[in-house]
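The values are calculated or read from the model by the stated rules, or taken from the named source; none is laboratory data. Nothing here was measured: the structure is a model prediction, and the numbers come from that model. Please note: Cβ atoms are built from the backbone with ideal geometry, for glycine as well, and neighbour counts cover all protein chains shown. Only protein heavy atoms, including side chains, enter the accessible area calculation; ligands, DNA and RNA are left aside. Shrake-Rupley method; radii C 1.70, N 1.55, O 1.52, S 1.80 Å.
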Amino acid sequence: MNLLEYEAKVILKSSQISVPIGIIVTKAIFNTSTFPTVLKSQVPTGGRGKAGGILIIDTQEKLEEATKKLFSLEIKGYLPQVLLAEEKLAITRELYLSLLIDRKTSGLKLIAHTNGGVEVEENKDFASWLVDYSKPDADALGQALAEYYDLEDKTFVLQDLVENLITCFKQNDATLLEINPLIVTDEGDIIA
């Protein structure tokens, strides 16, 4: 089952993974109390940003117009039934992180890149680590990830993140768990 972004973030949050504060916006209810807000079309495809499906809204007055625009914007054959309005975070870095089933080894693989976000498909040389499904070493994986991202001061945070990702992956019987972008905020927080 493929999930929409807001559905996946509920699952991540229930696994103690930090996500932005957000609310669901419907055609009938389009209020938010936090501005600026990042308003995102919820369709089951990538490329929403390039297609105009993600807007930054500064005022309540602009929210109604933006909501109508996104509800009528078809992206790769999909029209959204709901939108996600999230707090706008001050982003220092955008990273890439995923956990997936590696068909060659019939095991798990943690994959990362120091460049996440809109153009992630064009990245080369992703880093990867095999994960022992029965006894994953989240401490070693988190440390390796911290070194790769050049975030050694966030080693403990990344160790916890990796442990929570693996738990989330297993509990939800996932085949792919992708965070793009995994952000580092101006305050140094790491948020999916």
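Hey, got the dipole for the chain? About the Cα centre, +1 on K and R Cβ, -1 on D and E Cβ, debye to the nearest 20?
Working: 19 positive and 29 negative charges, 173 e Å.
Dipole magnitude for the chain comes out near 840 debye.
Want the number for Glu147 to Glu7: 0.36 nm per residue separation, take away the alpha-carbon distance, what's left? Write down the numbers at each step before the final one.
Numbers: separation 140, 0.36 × 140 = 50.40 nm, distance 3.08 nm.
Length gained between Glu147 and Glu7: 47.3 nm.
Accessible area per residue was computed with a 1.4 Å probe on protein heavy atoms; Glu94 scores about 70 Å².
Dividing the summed -39500 (n - 2.57) terms of all DSSP H runs of n ≥ 4 by the residue count of the chain sets its mean residue ellipticity at 222 nm at -8500 deg cm²/dmol. A full extension of the chain between Asp58 and Val157 corresponds to an added length of 32.5 nm, given 0.36 nm per residue minus the alpha carbon distance.
Model label points for Lys50 and Ile21, set 7 angstrom from Cα along the Cα-to-Cβ axis, are 3.4 nm apart.
Modelled label positions at Asn115 and Asp132, each set 7 Å beyond Cα in the direction of Cβ, lie 3.5 nm from each other. Treating r as the C-beta distance of Leu89 and Asp139 and R0 as 22 Å, the FRET efficiency rounds to 0.20. Between helix 155-171 and the chain, what is the angle of the helix's C-alpha long axis to the longest principal axis, kept within 0 to 90° and rounded to the nearest 10? It is inclined by approximately 80 degrees.
Inter-part distance, the range 1-49 to the range 102-172, computed on C-alpha centroids, equals 23 Å. Surface listing: Thr67, Thr105 arranged by accessible area from highest to lowest gives Thr105, Thr67, probe 1.4 Å.
Mean-square fluctuations from a GNM of the chain, with a 10 angstrom spring cutoff on Cα atoms, peak among Lys40, Lys109, Lys135 at Lys135.
Values [x] 18.2, 59; [y] 17.3, 53; [z] 19.0, 60 are given for comparison; Rg and Dmax of the Cα atoms in Å, derived from the coordinates here, is the one labelled [y].
With all protein chains in place and a 1.4 Å probe, the accessible surface of the range 28-175 carries 49 percent carbon and sulfur. Extension gain, Glu122 to Thr105, is 3.6 nm, computed as 0.36 nm per intervening residue step minus the present C-alpha separation. Over the range 1-149, Cα pairs under 8 Å with separation of 6+ residues give a relative contact order of 20 percent.
So with the 1.4 Å probe, I'd like the accessible area per residue for the chain, rounded to whole Å².
On the way: 10900 Å² over 192 residues.
Result: 57 Å² of accessible area for each residue.
Classify the range 47-90 from the C-alpha gyration tensor, please: rounded if a/c falls under 1.5, else prolate or oblate depending on whether a/b exceeds b/c. Mind dumping the intermediate values first?
On the way: a/c = 2.15, a/b = 1.42, b/c = 1.52.
Since a/c reaches 1.5 but b/c is at least a/b, the shape of the range 47-90 is classed as oblate.
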